[in-house]
Amino acid sequence: MFIPMAVAIAEARVGKRGERYYSGRVPQLLERGFIAFKSSTWMIVLSGFVEPVLYLLSFGYGIGKLLPTITVGNESIKYAVFIAPALLATSAMNGAIYDSTMNVFFKLNHDRIYHGMLATSMGPLDVALGEIGWALLRGFSYACAFMAVVAPLGLIPSLWGLLAIPAAVLIAFGFASCGMAVTSYMKSFQQLEIINVFLLPMFLFSGSFYPLTVFPEWLQFTVNLLPLTHAINLVRGLCLGHINVGLFGHALYFVIMIVCGLFFTTKRLNALFMK
Amino acid sequence: MSEYLISARGLTKKFGDFTAVNGIDFDVSKGESFGLLGPNGAGKSTVMRMIGATSQRNAGDLTILGKDPELNGPQIRAHLGVVPQQDSLDMHLSVSENLYIYGRYFGLPRKFVKGKIEELLTFAQLEEKRDAKVEALSGGMKRRLTIARALVSEPEILMLDEPTTGLDPQARHILWDRLFRLKEQGVTLVITTHFMDEAEQLCDRLIVMDKGSIMAEGSPASLIKDYSTKEVLEVRFGSDRNQEVADKLRAMCERIEELPDRVLMYTEDGEALLEKIYASGLHPKTSLVRRSSLEDVFLRLTGRTLIE
């Protein structure tokens, strides 16, 4: 009897863990990302890199003139050195959010691309991991490009700063998983705007431009609950070479975000497509 | 393993309090072209999604190639080519890229898929559009591309949900021709439609569905034979007079159906009936004798027309 190749491939996965949700097709989804990327809007792609550099130029060298050094703990550092890690963390967040909210919303509701994908032998976890994986690749390249600009300028004092790149990927993973989970529950384009209402104040208050110690205690406490604060503290700690146990705590925050985000995304995609 | 590719017993699907599919039984044999005919909301698409392992049943049994879609979703979907009612093509990719990546989603090797692309572009008559963006295609071309895409994994069963809805007559005929070819190659077709001409053209056997239940089952010809007469005479007396004359007309033939704009009269000989009407002193504004169709079967079974 003739067995089509697609069937043989699917049969080979019988008995594997989570076989109803996952078929090991993340590489294929990344391949789609590359094919679509070749003809994408380059302005949007570039803006993800240019944005943190512009912030660095305007704030780092503008405010840096008025405020040559800033005190962190008992160390005085240049203002640009203080904000560069925060901008790296923020750009990792922004890239991940863009890919996992706007892009996902359109594919889900407008183009119905996921409907097509899930009519194949793939499962919802393939789609979730593939989309998030693509967001991470992008986050990784932005982080590398940003480092290539700021490191030669002497803005990364410690060699530990190299670890800021994998840290940026971890941060992007956390935001992308949660972003996709939230987006999968959104009904309209207007609801997506709510995400931005949350993101901008977080960017302004999470200690990007000045230490949190300037805030009254209650506000410090609140800001310390936010993911971006942990992202900035993690990346800044690495870039300045302030290595301590606290960094693991920040990293753990993102591991929890990743697990929760993936859980709800898969659950929701399953409910949407396997109802 | 059963002799049927698809087998349903007491298949039921509920959405909250609403019963979309109400305990239906049917079987589909290998190489058959099987149709689900019914108006919008009859439950056809829900049945398709349950077969396609993207919707879970609430009760009953469903077996596809000997497997239960609830337990073996990915394995069953590997056997199926799905052409959904709403296009789900990848707008960010070109025509050939759409075919390529869809093959990859099934886990197929690059070389295999690249070989398939040429064959499928020829089949879908889209060779000249290979590098075009999907958005630039006409409705008929998008449909053909969706069918070609569904064939990339060499499925044994092709599922077509309302394949020609929204297409102009020429595009429909091109599409039907392509589907005939697949049927000749031995691909099993499962088709939903609310067009009776489509069902008559494409289906060897069909079930007539209404409100989640099966009203009748058989080949198009046998359904017409069982539930209708050989010919139908359509007469129009003008909207306000149709009802007045209905009682007189009823006495002249086997059965009549009063529609808002016309009266349908069921008979073995339409011309003879028309003469009888004139002889009785009635003068319809227009009249038409035609052969019975599945539309008449549906009207007989449900008292309603297919397209409302």
- Could you pull out the residue among B:T165, B:T193, B:T146 that is in contact with a helix residue (DSSP H, G or I) (Cβ under 6 Å, 6 or more places away or on another chain) and hydroxyl-bearing (S, T, Y)? B:T193
- So which of B:M215, B:M209 is away from chain A (no Cβ under 14 Å) and open to solvent by less than 60 Å² (accessible area, probe 1.4 Å)? B:M209
- Item | Filter result for B:I214 (of a type in the set (V, I, T), over 10 Å from the mean Cα position of the chain (by Cα) and farther than 17 Å from B:I51 by Cβ) | no
- Looking only at segment B:61-88, which residues are of a type in the set (A, V, I, L, M, F, W, C) and either more than 9 Å from chain A (Cβ to nearest Cβ) or in contact (Cβ under 8 Å) with a residue 60 or more places away in the chain (or both)? B:L62, B:I64, B:L65, B:A78, B:L80, B:V82, B:V83
- Message: Out of everything in segment B:134-150 that is within 11 Å of chain A (Cβ to nearest Cβ) and closer than 21 Å to B:H173 by Cα, what residue ends up being farthest from the chain's Cα centre (by Cα)?
- Response: B:R149
- Note on the structure: In segment A:43-94, anything surrounded by fewer than 20 Cβ atoms within 10 Å (Cβ to Cβ), under 25 Å from A:I171 (Cα atoms) and touching a Lys or Arg at 6+ places or on another chain (Cβ under 9 Å) is listed as A:V45, A:V72
- Task: Kindly state which helices (runs of 4 or more DSSP H) lie completely within segment B:60-174 and contain at least 3 residues that are farther than 27 Å from A:Y22 by Cβ.
- Result: B:110-123, B:139-150
- Query: Does A:R17 count as closer than 20 Å to B:Y102 by Cβ, in a loop (DSSP other than H, G, I, E, B) and without any contact (Cβ under 8 Å) to a residue 12 or more places away in the chain?
  - Reply: no
- Among B:N72, B:N58, which is the only one that is touching a strand residue (DSSP E or B) at 6+ places or on another chain (Cβ under 6 Å), of a type outside the set (A, V, I, L, M, F, W, C) and farther than 25 Å from B:G140 by Cα? B:N58
- Query: For segment A:26-42, what are the residues that are open to solvent by 20 Å² or more (accessible area, probe 1.4 Å), in a helix (DSSP H, G or I) and more than 7 Å from chain B (Cβ to nearest Cβ)?
  - Reply: A:V26, A:P27, A:L30, A:F34, A:F37, A:K38, A:W42
- Query: Quick one: in segment A:102-130, which of the residues that are open to solvent by 10 Å² or more (accessible area, probe 1.4 Å) and in a loop (DSSP other than H, G, I, E, B) is modelled with the highest pLDDT?
  - Reply: A:A119
- Message: With the requirement that a residue be out of contact with any helix residue (DSSP H, G or I) (no Cβ under 6 Å at 6 or more places or on another chain), facing chain B (nearest Cβ under 10 Å) and either open to solvent by less than 20 Å² (accessible area, probe 1.4 Å) or not β-branched (V, I, T) (or both), what does segment A:1-10 give you?
- Response: A:F2, A:P4, A:M5, A:A6, A:V7, A:A8
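The values are calculated or read from the model by the stated rules, or taken from the named source; none is laboratory data. As the structure is a prediction and not an experimental result, all values here were calculated from the model. In this analysis, Cβ positions are derived from the backbone assuming ideal geometry, glycine residues included, and neighbour counts consider all displayed protein chains. Note: areas computed on protein heavy atoms with side chains; ligands, DNA, RNA excluded. Shrake-Rupley method; radii C 1.70, N 1.55, O 1.52, S 1.80 Å.
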